[in-house]
Structure formats: structure tokens, C-alpha cells
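Trainee: A single structure is presented below for examination.
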Amino acid sequence: MNLSDKQWLFLQDEACLVYYIKEQGLKASGGELERDDVRQQALYDAGLSTKQAGESDHNIKLAIDLNFWDRDGVFVEPPHPEKYTAEERKYVLDRLQHVGIFWKSLSKKNYWGGDWRFFDPRHFGRRQ
């Protein structure tokens, strides 16, 4: 399977995810899908990513970051993963863990950043 086929499957799962988010009464906006090596390295150097340039699934359009608002219109998370307190992490998981579970149910290749030690619940990706 070539990269464009993988990207197409990823995008189809994203469409299902967006519909699920809507059904759940949440709201989301798109963040980064494609990321060049300069941006990726800058995020790594700033401690905002564990992947260096060329290592992220964003570099090949197989990951996206989404921003979330809950049913009350409240932004669900702080802007940078390294700033999560234990209380904020629980707050986000209480509101978004079902979204991550749904995402992973769409394909065994899908993964969610909310499962990581480097907590990044905005991140939805697909392994090659």
C-alpha cells in the first residue's frame, strides 16, 4: 500500500471521528495535519514533541491535532501538554477518553496521544 492510500484511509477515519464528536455534543477545530521538518524540530527542541524532524506522523500526513470544547462550550485543555496538572489530566480524560477509544476502534493502526505518558490528547494518528 502506498502512502497516498494510507493517507486516504486515515482521512476517512478522521471523517468518522468528526461525526462522532458532533454526535457526542462536543465541538472540535482542526490543528496541525501536515508539519514540515523545521516546525517538527522546533517543537522537539521546545519540549513539545518527543519526535525529531522527520520522525512524526505529521510529517507524512498521518496525524492530526484537534482542539476540543465540551458541551458547555468550555475549551477542554491547556495549550501545552507539559503544563497538565494531575487534576487537568483527569478533567481532560473524563471528557475526551471516549473520543480516543472511538478513534482506536476504527482501525488497529489508529493511536491516540491521550494514552501516552507524554500526555497529548489532541493528537490522533495512524501507524504505517
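Trainee: What are the pairs, 6+ residues apart or on separate chains, where a residue within the stretch 3-21 that is in contact (Cβ under 8 Å) with a residue 40 or more places away in the chain has its Cβ under 6 Å from a residue that is basic (Lys, Arg) and open to solvent by less than 40 Å² (accessible area, probe 1.4 Å)?
Mentor: 10/126
Trainee: Taking only pairs six or more apart or across chains, which ones have beta-carbon atoms under 6 Å, a first residue in the stretch 90-108 that is without any contact (Cβ under 8 Å) to a residue 40 or more places away in the chain, and a second residue that is surrounded by 14 or more Cβ atoms within 10 Å (Cβ to Cβ) and part of a helix (DSSP H, G or I)?
Mentor: Partner pairs satisfying both residue conditions: 100/114.
Trainee: Quickly run through the stretch 77-98 and pick out the residues that are among the charged types (D, E, K, R) and touching a helix residue (DSSP H, G or I) at 6+ places or on another chain (Cβ under 8 Å). Don't jump to the end; show me each part of the working.
Mentor: So the first thing to find is which residues in the stretch 77-98 are among the charged types (D, E, K, R), and the list is 77, 82-83, 87-90, 94-95.
The answer is 77, and nothing else.
Trainee: Which one of these does residue 1 not meet: (1) within 17 Å of residue 119 (Cα to Cα); (2) not in a helix (DSSP H, G or I)?
Mentor: (1)
Trainee: Let me ask something else. Going by the structure shown, is residue 101 of a type in the set (Val, Ile, Thr), open to solvent by 40 Å² or more (accessible area, probe 1.4 Å) and in contact with a helix residue (DSSP H, G or I) (Cβ under 9 Å, 6 or more places away or on another chain)?
Mentor: On the way: of a type in the set (Val, Ile, Thr): yes; open to solvent by 40 Å² or more (accessible area, probe 1.4 Å): yes; in contact with a helix residue (DSSP H, G or I) (Cβ under 9 Å, 6 or more places away or on another chain): no.
Criteria not met by residue 101.
Trainee: If you check residue 28 against the conditions, is it open to solvent by less than 70 Å² (accessible area, probe 1.4 Å), under 22 Å from residue 105 (Cα atoms), of a type in the set (A, V, I, L, M, F, W, C) and out of contact with any strand residue (DSSP E or B) (no Cβ under 9 Å at 6 or more places or on another chain)? Spell out the reasoning first.
Mentor: Numbers: open to solvent by less than 70 Å² (accessible area, probe 1.4 Å): yes; under 22 Å from residue 105 (Cα atoms): yes; of a type in the set (A, V, I, L, M, F, W, C): yes; out of contact with any strand residue (DSSP E or B) (no Cβ under 9 Å at 6 or more places or on another chain): no.
It is false that residue 28 is open to solvent by less than 70 Å² (accessible area, probe 1.4 Å), under 22 Å from residue 105 (Cα atoms), of a type in the set (A, V, I, L, M, F, W, C) and out of contact with any strand residue (DSSP E or B) (no Cβ under 9 Å at 6 or more places or on another chain).
Trainee: Separate question: Scan the stretch 46-65 and report the pairs whose first residue is surrounded by fewer than 16 Cβ atoms within 10 Å (Cβ to Cβ) and whose second residue is at pLDDT below 95 and assigned to a loop (DSSP other than H, G, I, E, B), with Cβ atoms within less than 6 Å and a gap of 6+ or a chain change.
Mentor: What qualifies is 50/118.
Okay, residues lined up against (1) at pLDDT 95 or above; (2) at negative phi:
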position	(1), (2)
20	yes, yes
30	no, yes
40	no, yes
73	no, no
90	no, yes
93	no, yes
114	no, yes
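The values are calculated or read from the model by the stated rules, or taken from the named source; none is laboratory data. Quick caveat: nothing in here was measured; it's all calculated off a predicted structure. So basically every Cβ, Gly included, is an ideal-geometry build from the backbone, and we count neighbours across all protein chains shown. Accessible surface is based on the protein model in full, side chains and every heavy atom, while ligands, DNA and RNA are left aside. Shrake-Rupley method; radii C 1.70, N 1.55, O 1.52, S 1.80 Å.
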